[in-house]
Amino acid sequence: MSQTVASLRTQKEKTYQALMIGFGILLWIAIGMAVVASWSNPKLERMMHIYIGYAVAITVFYWLAAAVYRASAFGNMVLLGPEQFPELHQMVVAGSQEIGLSEPPKTFLYNSNGVFNAFARRLLGGRYVFLTSALVEANSDAQVRFVIGHELGHHAAGHLNPWLNTLKLPAHIVPFLGKAYSRSREYTCDNIGAYLSKDFEASRSSLQMLGCGCRRLNQAMSCESFVEQEAMVPPVFGFLNEICRTHPRLTRRVAAIKKQINS
């Protein structure tokens with residue numbers, strides 16, 4: 001991981017990641033002890049065989065699903081390259097180099113039928129980024145660089161590292177911890193996206209576009225007014241809604257980038 005990415009990682013993510021790793025290690029040790037104990041207990045042994053069978057089946061299904069999705073991407077989506085949307089491709093290449101990725105992820109543009117979205121994935125060991133046509137069409141170049149930078153950030157920050165995620169896997173049973181960790185990672189990737197965009201105002205408005213979704217109104221958006229909506233969120237129900245989500249509220253994400261500008 002580059003020093004740039006390390007400096008952009010939020011303190012909350014560092015804390016939650018440490019908790020996830022700590023609980024993960026403890027729970028893996030407990031699982032290992034349970035497996036050893038089952039060897040001398042016929043009832044536990046049968047139960048353990050069932051659980052191991054489920055784990056193997058889930059792993060096989062995951063790899064098959066990844067292979068199918070990758071095949072679908074190459075067969076139905078548009079892969080960016082030097083001769084295929086070269087401007088977008090160059091954004092991916094330049095951003096990857098700037099944050100220390102050894103090679104740029106394969107990046108696809110696909111028709112989402114108007115849905116705004118972008119996401120990063122690891123498929124069979126390879127790095128991938130997926131961008132929807134609606135999101136790219138509605139945003140300016142600086143806003144698109146923010147979106148691309150955000151998704152590159154997931155790869156650069158190790159959020160999709162399969163070995164590290166396996167280590168942390170059991171910690172997801174701890175109530176609300178996994179969701180809190182996920183939300184903290186989004187703030188880190190927003191920082192990385194803003195860093196690569198080189199335009200904090202465009203970064204803020206890019207997030208707001210996820211809520212607005214209208215190209216015609218892009219230039220007229222007021223991020224200040226949008227941030228002020230956070231005060232209108234009912235505290236109790238806003239809290240209950242947030243702790244069950246993998247992504248923070250957009251008002252909070254825009255405000256966090258605002259704090260960067262003022263800091």
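The values are calculated or read from the model by the stated rules, or taken from the named source; none is laboratory data. All of these numbers come straight from a predicted model, not from anything done at the bench. With ideal geometry, Cβ positions are generated from the backbone for all residues, glycine too; neighbour counts draw on all protein chains shown. Just so you know, the surface numbers come from the protein's heavy atoms only, side chains and all, with ligands and any DNA or RNA stripped out. Shrake-Rupley method; radii C 1.70, N 1.55, O 1.52, S 1.80 Å.
Fully extending the segment from Asn241 to Val174 would add 22.3 nm, taking 0.36 nm per residue of separation and subtracting the current Cα-Cα distance.
Cross-link pairs exceeding 26 Å between alpha carbons, from the set Lys43/Lys179; Lys14/Lys198; Lys14/Lys106; Lys43/Lys168: Lys43/Lys179; Lys14/Lys106; Lys43/Lys168. Report which label in [x] 19.5, 63; [y] 20.6, 70; [z] 17.2, 50 holds the value of Rg and Dmax of the Cα atoms in Å derived from the coordinates of this structure. Correct label is [y].
Once both labels are positioned 7 Å from their Cα atoms along Cα-to-Cβ, the gap between Ile21 and Tyr62 label points is 1.9 nm.
Return the single residue from Phe237, Phe146, Phe23 with maximal mean-square fluctuation; model: Gaussian network over the chain, springs between Cα atoms under 10 Å. Sorting by GNM fluctuation, first place goes to Phe237.
Hey, can you find the accessible area per residue of segment 105-263 for me, probe 1.4 Å, expressed in square angstrom?
That works out to 47 Å² for each residue.
Build a GNM of the chain with springs between Cα atoms under 10 Å apart, and of His49, His172, His154 the one that fluctuates most is His49. Just checking the listed ones, Ser40, Ser72, Ser133: in the Gaussian network model of the chain with Cα springs under 10 Å, the one fluctuating most is Ser40. By its C-alpha gyration tensor, with a ≥ b ≥ c as the square roots of the eigenvalues, how is segment 100-201 shaped: rounded for a/c under 1.5, else prolate for a/b larger than b/c, else oblate? Taking the square roots of the gyration eigenvalues as a ≥ b ≥ c, segment 100-201 is prolate. With all protein chains in place and a 1.4 Å probe, the accessible surface of the chain carries 62 percent carbon and sulfur.
Taking each residue as 0.36 nm, the span from Val78 to Ser140 lengthens on full extension beyond its C-alpha to C-alpha distance by 20.3 nm. Here the alpha carbons of segment 36-152 define both size measures, Rg and Dmax, at 20.1, 64 Å.
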